[in-house]
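Please treat every number below as a calculation from the coordinates, not as lab data. Nothing here was measured: the structure is a model prediction, and the numbers come from that model. With ideal geometry, Cβ positions are generated from the backbone for all residues, glycine too; neighbour counts draw on all protein chains shown.
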């Protein structure tokens, strides 16, 4: 994967730490961030900046953590938008009328893993603890997309489908799209069984750097970031317009939650993106 140097960079504001991609920040069009586990109020296995309700955390702590993350950007956590992530490739278009759909349990927008909007000030959010988040910006049309891509979404071509959605519904030229791949579990940490590996082989992702045999037991190492980078390139994005991922959620227990590393008992990072009002 190329352009990982353009990827997300760590930023600290007191105890709070989050990441931003210079490729997107320098556009001057969007606000965005990917949270770490630092700077929050959650305790135990969820310490400290857990941002998801379904982890067993208290609602008060999750809301306070979201407030701490969004406050430096001037956004109200009561107005964020989120979908119910299903590890699929469904895409939902968001308008200003959907503000707040996802701010509280039971209010989520739809069962989908990608959100798209052209409405300024609408805060798209997605959540992960090993899966990748894909941040896309079409600067000319001032349209953004935020997509969640785990192994099922990646195998289903989430990156390619989001680009296709922007082309179809907003007449975007893929060569002008800027994209950044969030931190996620790296190809050296993510081991999958033969059934998952075979499904990726059947989808054309066989051999290095995508799928590498790990041991005689039939397991394989799967590199989701490499596959998503390739999908974005194949969808027409220019190499220089893709910020690759260089952060591993499993390797960096000091910075990130990891579902695989922590045995499923863990918090979630939040990625958000909004067109500046």
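Of everything in segment 218-257, what is in a loop (DSSP other than H, G, I, E, B), touching a helix residue (DSSP H, G or I) at 6+ places or on another chain (Cβ under 9 Å) and surrounded by fewer than 18 Cβ atoms within 10 Å (Cβ to Cβ)? Give them in sequence order. The answer is 218, 219, 236, 238, 246. The residues listed here are 129, 147; of these, the one that is closer than 30 Å to residue 199 by Cα, out of contact with any strand residue (DSSP E or B) (no Cβ under 6 Å at 6 or more places or on another chain) and surrounded by 24 or more Cβ atoms within 10 Å (Cβ to Cβ) is 129.
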